[in-house]
Structure formats: structure tokens, C-alpha cells
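Please treat every number below as a calculation from the coordinates, not as lab data. Given the structure is predicted, the values throughout are model-derived calculations rather than measurements. With ideal geometry, Cβ positions are generated from the backbone for all residues, glycine too; neighbour counts draw on all protein chains shown.
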Amino acid sequence: MSGVGKGSKKGGKMGVGSTVEKRLGKGSFNLLQVFTELDDHFLKASKSAHEVSKLLEATRLHYHSNFADNRGHLDHSQRVMRVITWNRSFKGLKLDNADNANDDFDSEDNETHATVLDKMLAWEKKLYDEVKAGELMKFEYQRKVATLNKLKKRDALTFDEIIEFSFLVSSLDDMGCNVSIRRMVIMWETMREEHDSQCRIVAILRDHLDLSQSAQETSEHHHERTIQLLAIVQDWHMQFCKLIDHQKEYIKALNNWLRLNLIPIESSLKEKVSSPPRVESPPIQRLIIAWQDKLDKLPDEIARSAINNFAHVIDAIMQHQLDEMKLKEKCEGSQKELKKKQQQFEDWYNKYMQRRTPEELDPTRTDDNSNNDAVTERQLMVEAVKKRLGEEEEAYRILRIQVREKSLVSLKTRLPELFSAMSTIAVACSKMYGELRAISRSRNPNHSS
């Protein structure tokens, strides 16, 4: 297992420098190239979590055979789809596949954190049923002395099982936590490297971004992609909060469970019934206490706020685009109205000139003011629409520029903040799991990690 972790870490470091220097270090580039680079690092970071997800059997109930691992070459779009639809079969499925032929779910060598918890749950259910039955019999004992011998026998069996379970708890090593922590270290270290690389990419955004090839106006397709990006960032924020909160809740519950199982059970019976001896703290308790303490001190609010702020930025850009598109529609409506007014004026003017007599057409006549006023009035109506259209087109031109500038400034400002915050939380998590790994090793010096 150690070879896997070191190899992954080394490979991540080699890819970071070369990608940034070769692709983005020289010359100008466009937004598509920038976000393609950012997306690549997201994919690499996501891939680092696969081992942890498999260890925790997060997808064991969602097996699809068409998601089998493909060892061939994957281009960028295929890599994206692979991460989005990534799934793995869960242990315990008996497949004809040769890769799964040696998969033994019940083997101690392949025992996972989830399988150990299943065994603990089975023990607890059995003990709970026995203790519950014993308590009912104790009440019955107070009313029916005749059942005393039966009660003693059942109580004795219950206490024997309690003693056995107490020794089982005290002999626990790490319930698979050692492997989990090691893979968490690898995952968060990879996350840190990828987010650091993203920080370097967006740092050069201010000086080298080329907008000459960017669209000069917001299209319907562009606006839809912005809405999609907003939904993804909002989901990112929600899933990140779940990741941290669920870790805290689980470790807290595990710590409370250990405390309950370490409380000595004393008999309230007048008869001297042997109680289980006071058990020493199991080796795992120190690790769990340290784990809970470090999770409570984790500076996750920085990352939560950064992702949430970036979502607000995307939402603001989306609203600016919507205003631009509405003004564009208004200009198009005014253009149609102007064209219609001009056509109506021409039709009316042609008919009007045809009805006039040669005397009325004489330019030297001075008593034809009423006719001239009618023509002037209709011309003014056309000119008013034309003027309004010009004002709307000028406002639309200015708004287009403002939307581009605001979007660019927002991205230049918020992207470095976002990836810096993600790098910070990745460093903190990597350090935390590294310290937990050291604690786990000190408890189990014979474990090779």
C-alpha cells in the first residue's frame, strides 16, 4: 500500500509544473484554455478520492457493469464523463470477472471499515436484545420469586456476553482506520497539489488573458452555460459542507459509542452477581478523541465562504447577462417597429401624393400648410422611433462592454481567492490526517503503512 501512495504523490508533483509552464507560461491564451486547465486539475483531484471512496464502499449499492474500468487512452471529454459517472462495484458481488474472482468479502485480509462496523452492529444488536430481556426478567423477579433460578441463569448468560463484548471492544486496534487515514492523507495531499496548480493558473489570468477571440455579446447558449456553472458551484458548496459535517458527526458518534461501552455495568441485585471488570481504554479511543478534536478545529469556514462567494459572483454575472439579453430583445423590437413605421409612412405618402391635384403640388402655393403639417407629423413619429432605437442601441453597446468588464474583473478577483481557500483547507486536512496517521502508527508499531 505504501508504494501506491508514494507513486501517486510523485506523479502529481511532476504533472503540476510541466502543465502550467508549457501550456500557460508563455504568450497569451483564452478563457477556454484556462478553464480546460482548471478542469484537468479538478479531474486529477477527483481521481485521488476514488481509493477512499472504494475503501468506505460509498457506491456499493450502485453497481453498473457498463462502468467497468477502461485502461485505454481517454481524451478530455471522456475524462470528464468518467468522473461524473464514476462508480465501482461493491465487495461481496460474485462476478464471473477474473478481476473479482479473488474478492473475498469475509476475508480478514480484505476486511474494510464497513465490514468491521457490520460485525460491531451485530454484536450490539445481540447484546441489546439480551440486556433488554434481562431487564424485563428483573422486573418479573421482584414480583415472582419462583422464577429466581431462571432469572439468575439468564442474567449470568447476559453478563458473560457483556464481559466477552467488553473484551472485544478493549482489544480493537483501529477498526480499519489506519488504512482509511493513510488514503485520506494521499487524497488531501493530491487535492493540495492540484489546487496549488490552479492558484498558479489563475494568478497569471490578469496579465495574459486574451479576450480578442471572446464573444462580444451574450448568446442564449452562453447564458445557459452560466446557469449550469452556477448550479455546479452551488452543488460543490453543498457537497463540501456535507463532507466536513458528516465527518464530524460520524467521529463524534463513534467517540460517544466507545464511551458508552467503557462504562462499568454494576448489578443492583442484592445477591452478589459478578460484574464485568473495569476495562481499560481501547487503543482506538485515543485516535478517535484526537480525530474529533482536530475536526472541531479544522478551518473549513474559509473554504465554505470562498465557494459560496464564488457562487454569488456567478449569480451576479448571470443577472448581468440577463439584463443584456433583455435590452437586446428591446432593441430588436424597436427595429421591427421602426421598419413597420417607415413602411406605413411610405405607403401613406405614396397614396397621399397620388390623390393630390397638380395645383396642390405647386411648390409656390402658400395656402397648403395643413397638408404639409400632416406629412411633417407622420415624419416626426418615424423619427421618434428612430431616435429611441438609437438610444437603445447605444445603451446596449455600453451594457455589453460593462458585462464583459464586470465578468472579467469578478473572475480575476474571485478565482484566486477560491483556489487559495481550497488549497488552505487541503493543507489543513493533509496535516490533520498526517498527525492522525502518526498517532495510529504509535499505537500499532507493527503496522506497515
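Across the range 336-350, rounded Karplus estimates of 3J(HN,Hα) from the backbone phi angles (6.51 cos²θ - 1.76 cosθ + 1.60, θ = phi - 60°) give 5, 5, 5, 4, 5, 5, 5, 5, 5, 5, 5, 4, 5, 5, 5 Hz, Gly and Pro being marked x. What does the C-alpha gyration tensor say about the overall shape of the range 185-261? Classify as rounded when a/c is under 1.5, otherwise prolate if a/b is larger than b/c, or oblate. Oblate.
With neighbour counts taken as other beta-carbon atoms within 10 Å, the residues Phe139, Phe310 rank, fewest first, as Phe139, Phe310.
Rounded to the nearest whole Hz, the Karplus-based 3J(HN,Hα) values (6.51 cos²θ - 1.76 cosθ + 1.60, θ = phi - 60°) of the range 48-56 follow the sequence 5, 8, 4, 4, 5, 5, 5, 4, 7, with x at glycine and proline. By the beta-carbon count within 10 Å of each Cβ, the least crowded to most crowded order of Ser442, Ser197, fewest first, is Ser442, Ser197.
Label sites at Leu243 and Met381, each approximated as a point 7 angstrom past Cα along Cα to Cβ, lie 6.5 nm apart.
Taking other Cβ atoms within 10 Å as a rough exposure proxy, Phe419, Phe240 sort from fewest to most as Phe240, Phe419.
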